[in-house]
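Only one structure is covered here, and it is reproduced in the block below.
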Amino acid sequence: MSAPTYRSRLEDQTLGHAILEERRVFDGFRPLDVVTVTHEPLGNRNAAKVRREIVRGGRCAVVIPYDPARDEIVVIRQFRIGAALASENAAPLELPAGGIDEGEDPATGAARELAEETGLEAAAVGHCFSVLSTPGLTDELAMIFLAIVDTSALEAEGGKADEDEDILTIRARFDDLLAAVDEGVIQNGFLVCATHWFARHGRARAKLLVDSIRTDAIS
């Protein structure tokens, strides 16, 4: 077994690279670019020159709407063409999510998406972690937020009619949601990873957010 090196550290790392050409081949809701790039070798090979197709996704906010008084998380269900093509389940469970507008504060974008898709107003919002959804396919950076909500105010349907959104909203006890993830009956990647994160850190992080609300109210 070789000795540990810098590259064997358990962390994302920088790598020298240069974009030689960038060409847009489709300019729709999610633009598609063809990029020619060179990058430093990770092993003993010479510097690599590769051509890649990349979907431009930008930043998006994924929201974990949590009611600490009821230990509930709000999830949503809607038709997804990707799910329909890849599986039998065209109506998967998800978390509220959407793109962050250019120049928009990410936490503000998270609260906006929460309101648009569920009708709920966030009492407090905090960033939890970020993930690259599929870096071999898209440059989308998903920022996961925890939002403190009152699930008793939840309406049965959400979404914006002018965007053809047909969304059902669901109140889920967290332990039931975790059990569903563990049973493998939920496949949405953001929901799966956010549920596992919440199982380890969520309730403690929610308490800090609730305490911040109380502190702001006193001051």
Q: Being of a type outside the set (F, W, Y), touching a strand residue (DSSP E or B) at 6+ places or on another chain (Cβ under 8 Å) and at pLDDT 95 or above narrows it down to one of V181, V210, V185, so name that one.
A: V210
Q: Take the range 25-34 and flag every residue that is surrounded by 11 or more Cβ atoms within 10 Å (Cβ to Cβ) and free of Cβ contacts under 8 Å to residues at least 60 places away in the same chain.
A: F26, P31, L32, D33, V34
Q: Inspect the range 78-88 for any residue being closer than 30 Å to S212 by Cβ and of a type in the set (S, T, Y) and give the result as yes or no.
A: no
Q.
Against the conditions (1) of a type in the set (G, A, S); (2) in a strand (DSSP E or B); (3) in the same structural domain as L114 (by TED's automatic domain parsing), where does A84 fall short? Just the number, please.
A. (2)
(Q) With in the same structural domain as R171 (by TED's automatic domain parsing) and either within 20 Å of the chain's Cα centre (by Cα) or of a type in the set (G, A, S) (or both) as the only criterion, which of P65, P31 stands out? (A) P65
Q | The listed residue being in contact with a helix residue (DSSP H, G or I) (Cβ under 9 Å, 6 or more places away or on another chain) and of a type in the set (D, E), out of E72, E21 | A | E72
**Q.** Pairs with Cβ under 6 Å, 6+ apart, first in the range 200-219 and under 14 Å from F145 (Cα atoms), second at pLDDT 95 or above
**A.** R205/L146; A206/Y66; A206/P68; L209/A124; L209/G126; L209/I148
Q.
Kindly evaluate R203 against the criterion of being outside any helix (DSSP H, G or I), over 18 Å from the mean Cα position of the chain (by Cα) and among the basic types (K, R).
A. no
Q | Unique residue being crowded, with 18+ Cβ neighbours inside 10 Å and of a type outside the set (V, I, T) when the list is E155, E113 | A | E113
Q) Which condition number does R9 fail, the rest of (1) more than 18 Å from the chain's Cα centre (by Cα); (2) surrounded by 10 or more Cβ atoms within 10 Å (Cβ to Cβ); (3) among the basic types (K, R) being met? A) (2)
Q) Between residues in the range 44-57 that are not assigned by TED's automatic domain parsing to the domain that holds G28 and exposed (fewer than 12 other Cβ atoms within 10 Å of the Cβ) and residues that are among the small types (G, A, S) and at pLDDT 95 or above, which pairs lie under 7 Å by C-beta distance while being six or more apart or on different chains? A) none
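The values are calculated or read from the model by the stated rules, or taken from the named source; none is laboratory data. Note that this is a predicted model, so its numbers are computed, not measured. Counting neighbours? That spans all protein chains shown, and the Cβs are built from the backbone with ideal geometry, glycine included.
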